1. Report, by residue number, each residue of the stretch 65-87 that is buried (at least 16 other Cβ atoms within 10 Å of the Cβ) and in a helix (DSSP H, G or I).
2. Taking the stretch 37-64 as the region of interest, how many residues are loosely packed, with under 14 Cβ neighbours inside 10 Å and either at pLDDT 95 or above or under 17 Å from the mean Cα position of the chain (by Cα) (or both)?
3. Have a look at ALA138, ALA149, ALA118, ALA156 and point out the one that is modelled with pLDDT of 95 or more and over 15 Å from GLY56 (Cα atoms).
4. Looking at the stretch 73-93, can you tell me whether even one residue there is out of contact with any strand residue (DSSP E or B) (no Cβ under 7 Å at 6 or more places or on another chain) and among the hydrophobic types (A, V, I, L, M, F, W, C)?
5. Going through the stretch 109-137 one residue at a time, which ones are of a type outside the set (Ser, Thr, Tyr), farther than 22 Å from ARG43 by Cα, touching a residue at least 12 places away in the same chain (Cβ under 8 Å) and surrounded by fewer than 18 Cβ atoms within 10 Å (Cβ to Cβ)?
6. Can you find even one residue in the stretch 88-108 that is buried (at least 18 other Cβ atoms within 10 Å of the Cβ), aliphatic (A, V, I, L, M), in a loop (DSSP other than H, G, I, E, B) and in contact (Cβ under 8 Å) with a residue 12 or more places away in the chain?
Amino acid sequence: MKTFTQALAGVAFLAVSVASQAYDPKATIADLDARLAKIGAPRIEGTDQAGDKTVGAIYFGSRKVNNNYDVVDAIRKAHGATATIFVRDGDEFVRVSTNVLTPEGKRGVGTQLARNAAYAALNKGEQFCGPIDVLGTAFDACYNPIKDAKGQVLGATYIGHKK
(Lines give C-alpha, C1' and ligand atoms only; values in the text may rest on other atoms or scores of the structure.)
Protein backbone atom coordinates (compact mmCIF):
# COMPACT_ATOMS: atom_id res chain seq x y z
CA MET A 1 0.00 0.00 0.00
CA LYS A 2 2.86 2.37 0.80
CA THR A 3 4.26 2.10 -2.75
CA PHE A 4 0.86 2.81 -4.28
CA THR A 5 0.44 5.91 -2.06
CA GLN A 6 3.95 7.11 -2.95
CA ALA A 7 3.26 6.55 -6.64
CA LEU A 8 -0.04 8.42 -6.40
CA ALA A 9 1.66 11.30 -4.60
CA GLY A 10 4.34 11.38 -7.30
CA VAL A 11 1.73 11.52 -10.06
CA ALA A 12 -0.15 14.30 -8.26
CA PHE A 13 3.08 16.31 -7.83
CA LEU A 14 3.94 15.84 -11.50
CA ALA A 15 0.45 16.91 -12.59
CA VAL A 16 0.62 20.08 -10.48
CA SER A 17 4.13 20.85 -11.76
CA VAL A 18 3.12 20.41 -15.40
CA ALA A 19 -0.08 22.43 -14.94
CA SER A 20 1.70 25.33 -13.26
CA GLN A 21 4.38 25.33 -15.95
CA ALA A 22 1.85 25.06 -18.78
CA TYR A 23 0.00 28.18 -17.61
CA ASP A 24 2.98 30.47 -17.07
CA PRO A 25 2.45 33.37 -19.52
CA LYS A 26 6.12 34.44 -19.44
CA ALA A 27 7.31 30.90 -20.23
CA THR A 28 4.73 30.62 -23.02
CA ILE A 29 5.71 33.93 -24.68
CA ALA A 30 9.37 32.90 -24.37
CA ASP A 31 8.54 29.68 -26.22
CA LEU A 32 6.71 31.57 -29.00
CA ASP A 33 9.57 34.05 -29.42
CA ALA A 34 12.17 31.24 -29.38
CA ARG A 35 10.28 29.35 -32.10
CA LEU A 36 10.21 32.48 -34.27
CA ALA A 37 13.89 33.31 -33.61
CA LYS A 38 14.83 29.77 -34.63
CA ILE A 39 13.24 30.44 -38.04
CA GLY A 40 15.31 33.61 -38.53
CA ALA A 41 15.58 37.36 -37.98
CA PRO A 42 12.41 39.44 -38.39
CA ARG A 43 11.92 41.89 -41.24
CA ILE A 44 9.14 43.59 -43.19
CA GLU A 45 9.21 43.01 -46.94
CA GLY A 46 6.41 44.10 -49.22
CA THR A 47 2.75 43.87 -48.27
CA ASP A 48 0.11 41.20 -47.81
CA GLN A 49 -3.59 40.91 -46.98
CA ALA A 50 -4.69 40.56 -43.37
CA GLY A 51 -8.43 40.19 -43.46
CA ASP A 52 -9.63 43.21 -45.44
CA LYS A 53 -6.46 45.25 -44.77
CA THR A 54 -3.23 45.52 -46.75
CA VAL A 55 -0.34 45.56 -44.26
CA GLY A 56 3.38 44.89 -44.22
CA ALA A 57 4.43 41.30 -44.81
CA ILE A 58 6.45 40.17 -41.79
CA TYR A 59 9.09 37.52 -42.30
CA PHE A 60 11.23 35.52 -39.91
CA GLY A 61 14.17 34.40 -41.99
CA SER A 62 12.73 33.36 -45.35
CA ARG A 63 9.29 32.44 -43.92
CA LYS A 64 6.43 34.91 -44.27
CA VAL A 65 4.14 34.55 -41.25
CA ASN A 66 1.19 36.55 -42.57
CA ASN A 67 -1.67 34.04 -42.94
CA ASN A 68 0.62 31.20 -41.80
CA TYR A 69 -0.64 29.55 -38.63
CA ASP A 70 1.81 26.72 -37.88
CA VAL A 71 3.70 28.54 -35.10
CA VAL A 72 0.63 29.96 -33.32
CA ASP A 73 -1.16 26.62 -33.57
CA ALA A 74 1.92 24.86 -32.14
CA ILE A 75 1.73 27.20 -29.11
CA ARG A 76 -1.93 26.26 -28.59
CA LYS A 77 -1.01 22.58 -28.78
CA ALA A 78 2.01 22.87 -26.44
CA HIS A 79 0.57 25.31 -23.88
CA GLY A 80 -3.20 25.51 -24.38
CA ALA A 81 -2.73 29.22 -25.08
CA THR A 82 -3.95 31.64 -27.67
CA ALA A 83 -1.15 33.20 -29.71
CA THR A 84 -0.84 36.01 -32.24
CA ILE A 85 1.78 37.68 -34.38
CA PHE A 86 1.02 41.34 -35.08
CA VAL A 87 2.59 43.60 -37.68
CA ARG A 88 2.89 47.31 -37.02
CA ASP A 89 0.84 49.37 -39.45
CA GLY A 90 1.32 53.07 -38.72
CA ASP A 91 -0.04 53.56 -35.19
CA GLU A 92 -1.79 50.18 -35.13
CA PHE A 93 -0.81 46.58 -34.49
CA VAL A 94 -2.71 44.26 -36.85
CA ARG A 95 -3.11 40.49 -36.38
CA VAL A 96 -1.49 38.66 -39.31
CA SER A 97 -1.20 35.18 -37.74
CA THR A 98 -3.42 34.08 -34.89
CA ASN A 99 -5.35 31.28 -33.28
CA VAL A 100 -7.62 33.86 -31.56
CA LEU A 101 -11.15 33.45 -32.88
CA THR A 102 -13.74 36.14 -33.52
CA PRO A 103 -17.28 35.72 -32.14
CA GLU A 104 -18.14 34.24 -35.57
CA GLY A 105 -15.55 31.49 -35.03
CA LYS A 106 -13.03 32.75 -37.61
CA ARG A 107 -9.38 33.57 -36.97
CA GLY A 108 -9.06 37.24 -35.99
CA VAL A 109 -6.64 38.06 -38.83
CA GLY A 110 -6.90 41.74 -39.78
CA THR A 111 -8.23 42.85 -36.39
CA GLN A 112 -6.28 45.43 -34.43
CA LEU A 113 -4.81 45.39 -30.95
CA ALA A 114 -7.06 47.44 -28.67
CA ARG A 115 -5.70 50.70 -27.27
CA ASN A 116 -4.91 49.28 -23.84
CA ALA A 117 -1.96 48.81 -21.47
CA ALA A 118 -0.34 46.30 -23.87
CA TYR A 119 -0.62 48.80 -26.73
CA ALA A 120 1.04 51.52 -24.64
CA ALA A 121 3.92 49.21 -23.62
CA LEU A 122 4.53 47.97 -27.17
CA ASN A 123 4.68 51.54 -28.48
CA LYS A 124 7.52 52.12 -26.01
CA GLY A 125 9.22 48.92 -27.19
CA GLU A 126 8.48 47.17 -23.88
CA GLN A 127 6.94 43.87 -22.79
CA PHE A 128 3.51 43.78 -21.17
CA CYS A 129 2.31 40.90 -19.01
CA GLY A 130 -0.95 40.96 -17.08
CA PRO A 131 -4.72 40.61 -17.34
CA ILE A 132 -6.17 41.78 -20.65
CA ASP A 133 -9.35 41.58 -22.73
CA VAL A 134 -8.82 40.03 -26.18
CA LEU A 135 -11.77 40.36 -28.55
CA GLY A 136 -14.15 40.23 -25.58
CA THR A 137 -12.53 37.43 -23.54
CA ALA A 138 -10.40 37.83 -20.37
CA PHE A 139 -6.85 36.41 -20.49
CA ASP A 140 -3.63 36.35 -18.47
CA ALA A 141 -1.42 37.55 -21.28
CA CYS A 142 2.04 38.61 -22.37
CA TYR A 143 3.00 40.77 -25.33
CA ASN A 144 6.55 41.30 -26.62
CA PRO A 145 7.66 43.78 -29.26
CA ILE A 146 9.23 42.35 -32.40
CA LYS A 147 12.26 44.51 -33.19
CA ASP A 148 14.60 44.61 -36.16
CA ALA A 149 18.39 44.79 -35.87
CA LYS A 150 18.15 48.60 -35.45
CA GLY A 151 15.71 48.28 -32.55
CA GLN A 152 12.66 49.51 -34.46
CA VAL A 153 9.37 47.88 -33.48
CA LEU A 154 8.08 45.91 -36.48
CA GLY A 155 5.23 44.18 -34.68
CA ALA A 156 4.49 42.14 -31.61
CA THR A 157 3.95 38.63 -30.32
CA TYR A 158 1.15 37.73 -27.92
CA ILE A 159 0.10 34.75 -25.86
CA GLY A 160 -2.87 34.41 -23.55
CA HIS A 161 -4.19 31.87 -21.10
CA LYS A 162 -7.96 32.16 -20.68
CA LYS A 163 -8.95 33.16 -17.15
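The values are calculated or read from the model by the stated rules, or taken from the named source; none is laboratory data. This one's a predicted model, so the numbers in the text were calculated from it and none came from an experiment. Cβ sites come from the backbone with ideal geometry, for glycine too, and all protein chains shown count toward neighbours.
1. VAL71, VAL72, ILE75, HIS79
2. Our first condition is that a residue be loosely packed, with under 14 Cβ neighbours inside 10 Å; within the stretch 37-64, this holds for 37-38, 40-41, 45-46, 52, 54, 61-63.
With the extra rule that they be either at pLDDT 95 or above or under 17 Å from the mean Cα position of the chain (by Cα) (or both), the set shrinks to 37-38, 40-41, 45-46, 54, 61-63.
Of the residues in the stretch 37-64, 10 are loosely packed, with under 14 Cβ neighbours inside 10 Å and either at pLDDT 95 or above or under 17 Å from the mean Cα position of the chain (by Cα) (or both).
3. Result: ALA118 is the single residue among ALA138, ALA149, ALA118, ALA156 that is modelled with pLDDT of 95 or more and over 15 Å from GLY56 (Cα atoms).
4. Checked the stretch 73-93: at least one residue is out of contact with any strand residue (DSSP E or B) (no Cβ under 7 Å at 6 or more places or on another chain) and among the hydrophobic types (A, V, I, L, M, F, W, C).
5. ALA114, ASN116, ALA117, CYS129, GLY130, PRO131, ASP133, LEU135, GLY136
6. Looking through the stretch 88-108, at least one residue is buried (at least 18 other Cβ atoms within 10 Å of the Cβ), aliphatic (A, V, I, L, M), in a loop (DSSP other than H, G, I, E, B) and in contact (Cβ under 8 Å) with a residue 12 or more places away in the chain.
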